[in-house]
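Novice: Please see the structure below; I have some questions.
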Amino acid sequence: MPDTVQNKQEFDNMLEREACMSETTEDQNVRVAAICDRLITLEGPLLPILHEVQEEFGHIPDGALQTIAKKLNLSRAEVHGVASFYHDFREEKAGKHVIKICRAEACQAMGADALGDEIRRHLKVDWSQTTADHKITLEPVFCLGLCACAPAAMVDGKVVGRVSADRILEKVGS
Amino acid sequence: MSIKVYVPLDSGSVALGADDVASAIADKASDAGADVKVVRNGSFGMYWLEPMVEVETPRGRVAYGPVSTDDIDALFDADFLTGGAHKLYLGRTQDIPFLKSQSRLTFQRCGIVDPVSLEDYRANEGLTGLENALKMTDEEIVKAVTDSGLRGRGGAGFPTGIKWNTVREAKGDQKYIVCNADEGDSGTFADRMIMEGEPFVLIEGMIIAGLATGATKGYVYTRSEYPTAIDVMNEAIEVARAAGVLGDNILGSGKAFDMEVRMGAGAYVCGEETSLLNSMEGKRGVVRAKPPLPALEGFLGRPTVVNNVISLCSVPVILEKGAEYYRDYGMGRSRGTIPIQIAGNVKHGGLYEVGFGLTLGEIVEQLGGGTASGRPVKAVQVGGPLGAYFPKELFDTPFDYEEFAKRDGLIGHAGVVVFDDTVDMMKQARFAMEFCAIESCGKCTPCRIGSVRGTEVVDKLERGEEPELQIELLHDLCETMKFGSLCALGGFTPYPVLSALTHFPDDFKPRALDIAAE
């Protein structure tokens, strides 16, 4: 009965995929729990934990919220409330490169608006979006403390001052 | 002995290429067989000269700047390692007029020392204030700080000594010193500069605050946008701990104080002290209603001093040289020095520490040298995104808490952002409302809803929909936000909006009418 064989094959594949996925979730839970265990003795450990989780996974995975909540004796909603309050914490992974452009007043005085427009036009994204090829995420930032070398940006964690759109795009190979 | 070459690690210098310059110098020196030690120091705060490279010579430290990697070969050819002549030569660092004319009390070692060398810090009178404080009672320390006239440098201007005394007298098994290093105001970078360039002075200031109030634990809450400041602070804390400056036995006195750095997560409102405390406790950074004061019920409900970085960094010099020495600087009720940060569209942007009292015009035109674009100055925003825009007509305003308040402005964290005549003040007013809407914690209605309505009103004004009515509405809305908001975010957003409206009424004419008139 070729039909059944094919179904069995698919069924096996499905089992394998599920096993693989639960292994990933399992692995993720273990890693999140380890971060919690390491930081739980701090006074007010939640922000440090969220930072570390994001460092480890590139974002705050949905499943991590429950693990953190359990460890800290909070509800999942409370942890989600905190994670979603702060601009830094991502629900989705960022692109390979992250461009943060300062949009605050000192940089505005030196043409930050035009810089932001040019980058958005070139990458075909708006603020807080990632390009279709998932290569570049563009984010606004309100002050990098580089107000005497405006306009300023941060590309993959490195600061640049008196910057042009060309220089930013060159750094991310676009 | 190797020749010391200084290249700043300061984020501002690095943003202008200091890392590449430092490695280029090291490479070239090793190729040339020169015995050179590159020291990564803090910045002196003259950002138009950054990256500024200094060389230690028999006649003192001499500077070259702004240096790019393209200049390195020529600098070696000009024998800059012995202070040779070159077109970027600036003379002795200490003689550069912008630096020489300052009164550097808080920033006295910033740029001079290796930031994480405790030996350097001690060699420049570091820890003398702490040593003096260890010989005093808590009351005497508080009295010295009160007598110095030091007021909160974060913007509120509340007398530091009075705050400390409240915590000193509060009952509690555990008290805390929290340093508010959440420097989110555009145009300000003094906190970042001192944490990157002279971290031990903050550590010393926090220990003294602990001795004065009975607090044994300190936290520096700073921004995720300041990774270098975090790294330097953490390294300095380790060094201080290893040297017995922090820990259970401060300099062998038997007294205890320890501290750590906490990183925010990109929320501007966490610069407000109660939302900062919530954030540190692992909650959403929403503002708490006062009372209770943080001094009585602060971090984890315990008595807590929350002070700005610059307030705490001004304490060691007060304890070192005495309250009167500090108090002799300044004017009126604004005593001591203030690190003014000159930024935006300005020729000579940077940090200038001086006693209170310079006029805004002196700061912008003489120190700043006018705009970078060469166009006329139109407006200057003082005190960050919640500060007022000043027109040239108000350039005679002295830099002083009360004088600025009299003119419906504030000095805030002393950031001065210069705009040339291409700025559109209606757009700036809209941005102030938009920024408030983005960063509002959402707790109180005037801020949460008012800011959104504010942007809509400005949009209508721009479109020419019943302009007179919109201006009346905008005034009304600002009034509500000013008096109805829980904290300074909603309460001070009206400052930039109303000052733009009052001083630059021509910019608020409907755009459609302008076009029709042309």
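Novice: Taking a cut-off of 20 Å between Cα atoms, list the lysines near B:LYS443, but don't count ones fewer than 8 places away on the same chain.
Specialist: In chain and number order, the partners are B:LYS283, B:LYS290, B:LYS482.
Novice: What size of dipole, in debye to the nearest 20, comes out for the range B:425-517 about its Cα centre when the only charges are +1 on Lys and Arg C-beta atoms and -1 on Asp and Glu C-beta atoms? List each step's numbers first, then the result.
Specialist: Details: 10 positive and 14 negative charges, 71 e Å.
Rounded to the nearest 20 debye, it is 340 debye.
Novice: I need the trypsin sites (Lys or Arg not before Pro) found in the range A:100-132, filtered to DSSP loop residues with at most 11 other beta carbons within 10 Å of theirs. Provide the component values of the computation, followed by the final result.
Specialist: Values: sites: A:LYS100, A:ARG103, A:ARG120, A:ARG121, A:LYS124; in loops: A:ARG103, A:LYS124.
Answer in residue order: A:LYS124.
Novice: Using a/c under 1.5 as the rounded threshold, could you call chain B rounded, prolate or oblate? The axes a ≥ b ≥ c are square roots of the C-alpha gyration tensor eigenvalues, and prolate needs a/b larger than b/c, oblate otherwise. All intermediate terms of the calculation are to be shown ahead of the outcome.
Specialist: Details: a/c = 1.97, a/b = 1.19, b/c = 1.66.
Here chain B falls in the oblate category.
Novice: Moving to a separate point now. So how far, in whole Å, is the C-alpha centre of the range B:171-208 from the one of the range B:34-101?
Specialist: One Cα centre to the other: 30 Å.
Novice: Take the alpha-carbon centre of the range B:329-380, take the same for the range B:419-467, and report the distance between them in whole Å.
Specialist: Centre-to-centre distance over Cα atoms comes out at 27 Å.
Novice: Oh, and also: Helix A:62-72 versus the longest principal axis of chain A: what is the Cα-based angle in degrees, 0 to 90, to the nearest 10?
Specialist: For helix A:62-72, the angle is close to 80 degrees.
Novice: Here's another thing I want to ask about it. For n ≥ 4 DSSP H runs only, could you compute -39500 (n - 2.57) per run for chain A, divide by its residues and tell me the 222 nm figure to the nearest 500?
Specialist: The helix contribution divided over chain A gives -17500 deg cm²/dmol.
Novice: Can I ask one more? Restricting to chain B, what percent of DSSP beta bridges are antiparallel, rounded to 5? Let's see the in-between values first.
Specialist: Values: 30 of 55 bridges.
Of those bridges, close to 55 percent are antiparallel.
Novice: Find which of B:ALA432, B:TYR326, B:PHE257 sits farthest along the positive direction of the dipole of chain B, computed with +1 on the beta-carbon of Lys and Arg, -1 on that of Asp and Glu, about the Cα centre.
Specialist: B:PHE257
Novice: Please list the non-local residues whose amide H lies under 5 Å from the amide H of B:LEU358, H modeled 1.01 Å from N, same-chain partners needing a gap of 5 or more.
Specialist: Close amide H contacts, sequence-distant or interchain: B:PHE399.
Novice: Within 10 Å of each Cβ of A:93-105, how many other protein chain Cβ atoms are there on average? Each step should come with its number before you reach the end.
Specialist: Values: counts 0, 0, 0, 0, 0, 0, 0, 2, 0, 2, 5, 11, 19.
Mean partner-chain Cβ count within 10 Å for A:93-105: 3.
Novice: On a 28 Å Cα-Cα criterion, which of the cross-link pairs B:LYS392/B:LYS509; A:LYS158/B:LYS392; B:LYS4/B:LYS255; B:LYS135/B:LYS175; B:LYS135/B:LYS217; B:LYS28/B:LYS100 come out too long? Could you put the intermediate results ahead of the total?
Specialist: On the way: B:LYS392/B:LYS509 21 Å; A:LYS158/B:LYS392 37 Å; B:LYS4/B:LYS255 37 Å; B:LYS135/B:LYS175 21 Å; B:LYS135/B:LYS217 20 Å; B:LYS28/B:LYS100 32 Å.
With Cα atoms farther than 28 Å apart: A:LYS158/B:LYS392; B:LYS4/B:LYS255; B:LYS28/B:LYS100.
Novice: Then there's this: Give me, ordered by chain and number, the residues 5 or more places off B:LEU296 or on other chains with an amide H under 5 Å from its own placed amide H.
Specialist: Answer set, sorted by chain and number: B:THR304.
Novice: Apply 1/(1 + (r/R0)^6) to the Cβ-Cβ distance of B:ASP396 and B:MET136, taking R0 = 45 Å, and write down the FRET efficiency to the nearest 0.05. Write down the numbers at each step before the final one.
Specialist: Details: r = 42 Å, r/R0 = 0.93.
It comes to 0.60.
Novice: Any idea what the dipole of the protein assembly as shown comes to, in debye rounded to 20, about its Cα centre with Lys/Arg Cβ at +1 and Asp/Glu Cβ at -1?
Specialist: Working: 71 positive and 102 negative charges, 275 e Å.
Its charge dipole is roughly 1320 debye.
Novice: Return the whole-Å distance between the Cα centroid of the range B:214-241 and the Cα centroid of the range A:41-57.
Specialist: 17 Å
Novice: Could you sort the peptides B:333-346, B:438-451 by per-residue average Cβ neighbour count (10 Å cutoff), highest mean leading?
Specialist: Values: B:333-346: 26.3, B:438-451: 20.5.
Top to bottom by mean Cβ count within 10 Å: B:333-346, B:438-451.
Values in this text are rule-based calculations from the coordinates and carry no lab data. If you're wondering where the values come from, they're calculated on a predicted model, not measured in any experiment. Don't worry about glycine lacking a Cβ; one is built from the backbone with ideal geometry, like all the others, and counts go over all protein chains shown.
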